[in-house]
Amino acid sequence: MKKTLEELNQELEKTERKLRWAEQEEKRLKHQAKALTRKERTHRLCTRAAMLESYLLHPEAITDEQVSLFLKLLFHQDSTRQLMERIFAGNGSLEAKDTGRERL
């Protein structure tokens, strides 16, 4: 059965509407994924900053620059790097003999 030119044009318009809807849906979903990623990152940053602050003595009395310097010095020590590698590799059970401290 042959379709008329008018039927083909109507079908084309319908398909183009579906395409525009799908493109808008794709854009909406990408935006939603980006927002979720941003929320996850913000949550992670806040959680980890709170963890750090819980170990600082009088955190309200020190500056951001002082905290940055402290972290820079701490993380540039070989012993810290080695400990991090062991912990993040999954084989780092922290014994008193390993760290010179009580078990964490």
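Worth a mention:
- Here the gap between GLN77 and GLN32, fully extended at 0.36 nm per residue and compared with their Cα-Cα distance, gives a gain of 12.1 nm.
- Approximate spin-label separation THR42-GLU11, in nm, with each point projected 7 Å along Cα-to-Cβ: 4.8
- ASP78 accessible area, assembled protein chains, probe 1.4 Å, Å²: 100
- Residues SER68, SER54, sorted by accessible area with the largest first, give SER54, SER68 [1.4 Å probe; ligands and nucleic acids excluded].
- Calculated from backbone phi, Karplus (6.51, -1.76, 1.60) coupling profile of the stretch 47-62 in Hz, x at Gly/Pro: 5, 6, 5, 5, 4, 4, 4, 5, 9, 7, 7, 6, x, 6, 9, 10
- Calculated from backbone phi, Karplus (6.51, -1.76, 1.60) coupling profile of the stretch 19-29 in Hz, x at Gly/Pro: 5, 4, 4, 5, 5, 5, 5, 4, 4, 5, 5
- Tilt relative to the chain, helix 78-89 - C-alpha long axis, 0 to 90 degrees, to 10: 50
- Answer label for volume of the Cα convex hull per residue in Å³ (calculated), chosen among (i) 185; (ii) 213; (iii) 139: (ii)
- The figure for HIS76 is an accessible area of roughly 120 square angstrom, using a 1.4 Å probe on the protein chains alone.
The values are calculated or read from the model by the stated rules, or taken from the named source; none is laboratory data. Source: prediction; values computed, not measured. Every residue, glycine as well, gets a Cβ built from its backbone with ideal geometry; the counts of neighbours run over all protein chains shown. We work out accessible area using only protein heavy atoms, side chains counted, and drop any ligands, DNA or RNA first. Shrake-Rupley method; radii C 1.70, N 1.55, O 1.52, S 1.80 Å.
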